[in-house]
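Quick notes on the structure that follows.
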Amino acid sequence: MSVHSARSALDDRIARLRQLAHADARLEGVLLYGSWTVGEADAHSDIEAYLYIQDDHLADFDGPGFLAQLAPLKLSYTSCW
């Protein structure tokens, strides 16, 4: 896979994340960070994002399930502040 096609695939996943986030009323926002946000993504890059869930939906939001709609999920963390 070329670097260009890897970036295109990552761009497609970011676009899908935006679609999913806009469609899910439980989400208050998404914060992307990492190599994609500064234009340095390559074939080895992942998607790094914080999902902000409304407090009254924390118990019924399946974060790994939501993210698995983008790509095979390798790692996710849940944090409640």
message: Here is a check on your reading of the model: is LEU27 at pLDDT 95 or above, of a type outside the set (Ser, Thr, Tyr) and open to solvent by less than 70 Å² (accessible area, probe 1.4 Å)?
response: yes
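Suppose we filter ASP55, ASP11 for residues that are modelled with pLDDT of 85 or more and open to solvent by less than 90 Å² (accessible area, probe 1.4 Å); which single one remains? Don't jump to the end; show me each part of the working.
Values: ASP55 fails: open to solvent by less than 90 Å² (accessible area, probe 1.4 Å).
Matching residue, one of ASP55, ASP11: ASP11.
State which residue is farthest from the chain's Cα centre (by Cα) when the search covers only the stretch 58-81 and only residues that are among the hydroxyl-bearing types (Ser, Thr, Tyr) and either closer than 15 Å to ASP24 by Cα or open to solvent by less than 100 Å² (accessible area, probe 1.4 Å) (or both).
Of all residues in the stretch 58-81, those among the hydroxyl-bearing types (Ser, Thr, Tyr) come to 76-79.
Right, trim to either closer than 15 Å to ASP24 by Cα or open to solvent by less than 100 Å² (accessible area, probe 1.4 Å) (or both) and you get 76, 79.
Working: SER76: 10, SER79: 15 Å.
Looking at the filtered set, the residue picked out is SER79.
Just to check your reading of the model, which residue among GLU40, GLU28 is part of a loop (DSSP other than H, G, I, E, B) and of a type outside the set (A, V, I, L, M)? Steps first, answer last, please.
Details: GLU28 fails: part of a loop (DSSP other than H, G, I, E, B).
When all the criteria are applied, what remains is GLU40.
The values are calculated or read from the model by the stated rules, or taken from the named source; none is laboratory data. Note that this is a predicted model, so its numbers are computed, not measured. Side chains are part of the model used for accessible areas, which takes the heavy atoms of the whole protein and leaves out ligands, DNA and RNA. Shrake-Rupley method; radii C 1.70, N 1.55, O 1.52, S 1.80 Å.
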